[in-house]
Structure formats: structure tokens, C-alpha cells
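S.K.: Below: one structure in C-alpha cells.
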Amino acid sequence: MRNLLFIAALLVSNFAFAGQPLFGVGANMNFQMATSGREYQVATPFAIRAGYRFSFLDVIGEYSYIKSSSGTEMVSVSQSNNEFLLWGRKSFFVSRTFKPFAAAGLGSHYQVVTTKFGSQAEEDPGVFEVVGSLAAGFEVSFGSHVSWTFEGRGTEAESYSPNPLLGVASYLNVFF
């Protein structure tokens, strides 16, 4: 029991003293199946991240948003997608400036679809659904306060087509 308390105290001290807050801004590039089902479209949601870098793990919250529309003046469909993910990211030390990593994320997805027929609009209120994601990539540091992240990811949700949704992401990060 004494050893367990010692290990718990050591972990808490790591959380309290060995980390630094981070903020990131970037864009994702998701490869989505077109409505025809024969080709892929590229969607590029804007994303912001905020989190904390600990000595053994990064914990990052991410919000991404994209709005798209298609059709004509008479008939059109627009989609608004909001995605919230909480990431756990483990970096592997290669050098001070280059760190590969693996990450797992869990969160929710919310989509609203609006269909217009002439002057009438019908909105389908979305529902929240669970989203899971895996990613791998690398981070390049430019000093102690700025870094650039590039990652490939696969995201799984019930309404995604194809499932899983594959994509890449790039972020500029600032550490405080």
C-alpha cells in the first residue's frame, strides 16, 4: 500500500510541475465519399486546439468546424459539421526538434443539414453521435514556444462515409 501511495504521489507531481499549456490553430483535410458514391471529395475543416503537455503524455481538446453547400438556386443542400475530440498523445523522443507521436481521441460529432426548395427551407436538427479517432504523425519544434504538427488520422462515426473517414491535419502550436 505504501508503494502505491508513493507512485500516486509521483504521478500527481508530474501533472503539477512537468507540463506546459499549449494552443494550436490549423486545418484538417478529410477525404469524404461524394454523393454519387464513385469518387472522393476533399473537405477542409478549420480546427483549434488547447491542451496541456505533461512529461509523459499530451492531453489536447480539439474543436473543428466546416460548412458546405451544393445545388442550385432552386434546390440546394447545406451541411454544418461540428466535431469535439479529446486527444491523448504520446510522443517518442528522437531529438529536441523532431518528435514522432501516436494519438487516440474520443468525442462527439454534430451535423445540421438544411435543404432549400425555392424559398422554403427544411432543417434537419442534428443529433450528437460518438466519434473515435486514431492518429500518427510528427512534431517539429522551433524553439521552446512554437512547433508545427503534421498527422494522418482515421475517424470513426456512424454517419461518416466512408467509415472510417481518413484525413491529414496540420497545426501551428504555441506553448506558454
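The values are calculated or read from the model by the stated rules, or taken from the named source; none is laboratory data. Bear in mind that the values here come from a model prediction, so they are computed numbers and not experimental data. Glycine gets a Cβ as well: all are built from the backbone with ideal geometry, and neighbour counts include every protein chain shown.
S.K.: Among the numbered criteria (1) among the polar types (S, T, N, Q); (2) over 22 Å from M29 (Cβ atoms); (3) in contact with a strand residue (DSSP E or B) (Cβ under 8 Å, 6 or more places away or on another chain), which one does S95 miss?
M.R.: It fails just one condition, (3).
S.K.: Can you list residue pairs whose Cβ atoms sit under 8 Å apart, with the first residue in segment 56-67 being β-branched (V, I, T) and the second being outside any strand (DSSP E or B) and surrounded by fewer than 21 Cβ atoms within 10 Å (Cβ to Cβ)? Count only pairs 6 or more apart in sequence or on different chains.
M.R.: I66/T44; I66/P45
S.K.: Find the residue count for segment 81-98, including only residues that are under 12 Å from the mean Cα position of the chain (by Cα) and buried (at least 16 other Cβ atoms within 10 Å of the Cβ).
M.R.: 6
Residue-by-condition table, conditions (1) outside any strand (DSSP E or B); (2) crowded, with 16+ Cβ neighbours inside 10 Å; (3) more than 23 Å from the chain's Cα centre (by Cα):
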position: A47; (1), (2), (3): no, yes, no
position: A50; (1), (2), (3): no, no, no
position: S68; (1), (2), (3): no, no, no
position: Q79; (1), (2), (3): no, yes, no
position: P100; (1), (2), (3): no, no, no
position: G105; (1), (2), (3): no, yes, no
position: S108; (1), (2), (3): no, no, no
position: K116; (1), (2), (3): no, yes, yes
position: E122; (1), (2), (3): no, no, yes
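S.K.: Go through (1) within 22 Å of H109 (Cα to Cα); (2) at pLDDT 90 or above one by one and return the number of the condition L57 breaks.
M.R.: L57 satisfies every listed condition except (1).
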